[in-house]
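One structure is given here, and the rest of the page talks about it.
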Amino acid sequence: MYLFDLDGTITDTNGLWAEVDREFLSRRGLAGTPEYERVVSRSIYPIAAQFTRDYYRLPDSPEDIMAEWDALAGRHYRELAPLKPGAGAFVRQCAAEGRAMAVFTACRPALCRAALERFGLWDLFGHIVFAEEIGLEKRDPQCFVELCRRTGAAPEDCTLFDDSPDNCAAAAKAGMTAVGVYDPYYDSRQEELKAVCARYVRSFEELVLRKR
């Protein structure tokens, strides 16, 4: 089974979340810190919201924080955010080949659906699994073990396409094959990404078969 991350892998949306964080904090007269950015960028939504509340001692509930993030990000997923180069073509190519495919994302379900439906990709995946429903961060190998249980696929039969070095390392520890996909968000960690992956691509365009 081919497993695809969404943000930074299929869609060019990693930078969007940095903007969402800045806007959310600026509304409250606050600014991000390296520690804050490091934690929330690696966390699933509920954990990031709770951390944000505790870190800045906010009166907002985690649910209210997540709702505000959704509102800030929604238009981008519905109308603006582009696919990564070659991503749509590669997914369609895999579907035409009859490959079993799934999306495994820390993105919010409604935002994920909006983006995939916008590009006509939603129905090409046999499974859409959300990390927040599993309740574990994607850098935890157990998250991928549970993913296999939910999809019915053995780890050794799975190939993960992901831009995050942490996620790829966790998938490899769970017994999967990891393919690193370049994204500028992790530009400074590309050697680390290459080291934990069986293959590395700058773009899905490298994997798209060209018709003669």
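The values are calculated or read from the model by the stated rules, or taken from the named source; none is laboratory data. What you are looking at is a predicted structure, and each value in this text was computed from that prediction instead of being measured. Please note: Cβ atoms are built from the backbone with ideal geometry, for glycine as well, and neighbour counts cover all protein chains shown.
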Positions within the stretch 179-196 being more than 20 Å from THR11 (Cβ to Cβ) and either among the hydrophobic types (A, V, I, L, M, F, W, C) or not assigned by TED's automatic domain parsing to the domain that holds ALA169 (or both), in sequence order: ALA195, VAL196
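Restricting to the stretch 1-14, name every residue that is charged (D, E, K, R) and not in a loop (DSSP other than H, G, I, E, B).
Selection gives ASP7 alone.
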Single unsatisfied condition, ARG78 versus (1) surrounded by fewer than 18 Cβ atoms within 10 Å (Cβ to Cβ); (2) over 18 Å from the mean Cα position of the chain (by Cα): (2)
From the options ALA87, ALA102, residue that is buried (at least 22 other Cβ atoms within 10 Å of the Cβ) and assigned by TED's automatic domain parsing to the domain that holds CYS158: ALA87
Members of the stretch 42-54 found to be surrounded by fewer than 18 Cβ atoms within 10 Å (Cβ to Cβ), touching a residue at least 60 places away in the same chain (Cβ under 8 Å) and not charged (D, E, K, R), listed by number: PRO46
Selection count where residues are surrounded by fewer than 17 Cβ atoms within 10 Å (Cβ to Cβ) and closer than 25 Å to TRP122 by Cα, scope the stretch 55-67: 1
Considering residues of the stretch 15-60 that are hydrophobic (A, V, I, L, M, F, W, C) and not in a helix (DSSP H, G or I) only, the residue nearest to LYS138 (Cα to Cα): ILE44
